[in-house]
Structure formats: C-alpha cells, structure tokens
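Novice: Structure incoming, see below.
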Amino acid sequence: MARELNVDCPSGLSLTVREFRVSDEDLLATPASVRKGLSVTSLLQAIVVRVDESGPYTLTGSGDERSLDWANVLQGDRMTVLLKNRIFTWGNDLVFRQPCPNCTLPVETEIDLNEMPIKPLPEESMPHVLDPKQPLYVTLPGCGKRIGFRLLRGRDEKALQKIQKQQKATQSSSYLRYRVVEIEGVEQPNWKKWLSELGGRDASFLRASFDEADCGVDQEVEFECDQCSHIWRDDVRFRADFLFPKYRGRTTNKGS
C-alpha cells in the first residue's frame, strides 16, 4: 500500500496524496497528454487520495464523488503539491545540471529541495482567485497606465509550454500578453504592439507585480561555473526527470 502525505497549499487548499508510482511516470510520457497539455493535470488527479480542505476552490460532483477541478487550481498550488510529493517519495536532494551560458561547459549544483521557498497566497489576491473575472490591478510607474492581469491556473499549462518553447527573443512579450487582461486606454487589438514597445522599467515592474500577487514555489536557483566563474540564475523545471529521478542511493553489486 502506498504511503500517504498531507499537503497544505499556499491558497488554503489541503490534500492527502499518495507517493508517486511507476504508473504515474507513464502519465508524463504519454504523447497525447503532453500534446494536450494535460500531463501534469492527469498526474495530480492520479495521486490525490482526498481533499481535506478545499480552500478557495469549489468541488465538483456530489457525496463521495466530489473532486477538485485541477484545471481551475492555481499553478502555485499545483507546483507545491508536486514538490512536496517529490520530496516525500524520493527525498530532498537534487543534483541539477546546466550548461554554462558563458563557456558552455556543464555545471552541476546540489540543491536541498526543503530549502526552496513556498510563498503563501497574498490576501489581496483572494478576490481574484474566488472570481477570475475580477482582475488584479497595478499602475505602471513609467507610463502611468493601469494594467489588469490574472494569475495562472492549471488550464494554462499547454499555453505556458508553448511559450517556453519559443525563442528567448519572444518569450517575454508572449508571457506578458498572456497574463494581461486589461490596459487602460488601449483597445485589445493593439495590445501586442503596445506591450512589445513597453519600456524596460515598466516591464520589470509588471513582472514583479505578477510574482508579488502570486503564490507557490520559488523555483529559481543560482549557478556558478567552476571554469569561468560566471554566475547566473535559472528555474528548476518540474519535468519527468525531476519528479521521477534515477536512484542514486547506492551502486548495485553485480557480483553478489
């Protein structure tokens, strides 16, 4: 019987999940699920034993058949469940490898996953979580425009995967367009051009406002190259090789 873990999420959602199984890894490897952006949603649905506290979410169904609509759950809650269950199943040690962007040599960093910060959902964001039609607002310091934006949920998984695959030159503007739902004094057909011409100060302020209003796991890690001393930061991505790592606890003795 699989071991079980209680997970308290940043929004107030509380779940009991079971440890990862071999069959769960297959969910992430199913081409159809990956294409549809449903792989993580399918994984979360599979590991949840019960919902102990629904937090800001409304359960669907009735009686013992009531369940959580993972497409509506904040990305911050989803990533928290995956991280906690990864630690529960495999332990808190992670060896993260990245090529140095300066000299291209491989860099290896050891991470204690228990030390990854998990930010609670700010109280000011709760009305938007309860009613997504109520945007979150911020006024940009440079141009003075009032911007409405939204938090990311499970249904955004496929679109985020698509943005991540874009060239770095277009990732930033695509991400801003995806999050923004209102620009003061600007009609929607002109949003793409307006955001692409947004000043650097205002763009940085807007991205910081997204982070400030959101919740969940801070996935950013600092790297330093031993060869050229270059320092950079990158995100730990919760892919199959992170959630289902190769066993590193011991070396098999083939002669025994």
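The values are calculated or read from the model by the stated rules, or taken from the named source; none is laboratory data. Remember, it's a predicted structure, so these values are computed and weren't measured experimentally. As a convention, Cβ positions derive from the backbone with ideal geometry for all residues, glycine included, and neighbour counts pool all protein chains shown.
Novice: Does any residue in the range 179-193 that is free of Cβ contacts under 8 Å to residues at least 24 places away in the same chain come within less than 9 Å, Cβ to Cβ, of a residue that is in a helix (DSSP H, G or I) six or more places away or on a different chain, and which pairs are these?
Specialist: Within 9 Å, the pairs are Trp191/Arg177; Lys192/Ser173; Lys192/Arg177.
Novice: Restrict the check to the range 59-70 and report whether at least one residue is exposed (fewer than 14 other Cβ atoms within 10 Å of the Cβ), modelled with pLDDT of 90 or more, touching a helix residue (DSSP H, G or I) at 6+ places or on another chain (Cβ under 7 Å) and on the phi < 0 side of the Ramachandran plot.
Specialist: no
Novice: Further, regarding this structure: Give the range 85-123 a look and list any residue that's among the polar types (S, T, N, Q) and under 28 Å from Val49 (Cβ atoms), or say none. Walk me through how you get there before you give the answer.
Specialist: Step one: filter the range 85-123 for residues among the polar types (S, T, N, Q), giving 85, 89, 92, 98, 102, 104, 109, 114.
Residues satisfying the conditions are Asn85, Thr89, Asn92, Asn114.
Novice: Another question, then. Out of the helices (runs of 4 or more DSSP H) lying entirely within the range 97-196, which hold 1 or more residues that are polar (S, T, N, Q) and farther than 24 Å from Val221 by Cβ?
Specialist: Details: elements: 126-130, 157-164, 168-179, 191-196.
Where helices (runs of 4 or more DSSP H) fall fully within the range 97-196 and carry at least 1 residues being polar (S, T, N, Q) and farther than 24 Å from Val221 by Cβ, they are 168-179, 191-196.
Novice: Another one. Could you tell me whether the range 168-178 includes any residue that is modelled with pLDDT of 95 or more and among the small types (Gly, Ala, Ser)?
Specialist: There is no residue in the range 168-178 that is modelled with pLDDT of 95 or more and among the small types (Gly, Ala, Ser).
Novice: Please state which of the following conditions Arg78 fails to meet, knowing it meets all the rest: (1) buried (at least 20 other Cβ atoms within 10 Å of the Cβ); (2) assigned to a loop (DSSP other than H, G, I, E, B).
Specialist: (2)
Novice: Which condition from (1) out of contact with any helix residue (DSSP H, G or I) (no Cβ under 9 Å at 6 or more places or on another chain); (2) of a type in the set (Val, Ile, Thr); (3) without any contact (Cβ under 8 Å) to a residue 60 or more places away in the chain is the one that Val221 breaks?
Specialist: (3)
Novice: While we're on this one: What do you reckon, is Ala203 at pLDDT 90 or above, hydrophobic (A, V, I, L, M, F, W, C) and more than 13 Å from the chain's Cα centre (by Cα)? Even if it seems obvious, please write down each step before you answer.
Specialist: Working: at pLDDT 90 or above: yes; hydrophobic (A, V, I, L, M, F, W, C): yes; more than 13 Å from the chain's Cα centre (by Cα): yes.
When the stated conditions are applied, Ala203 passes them.
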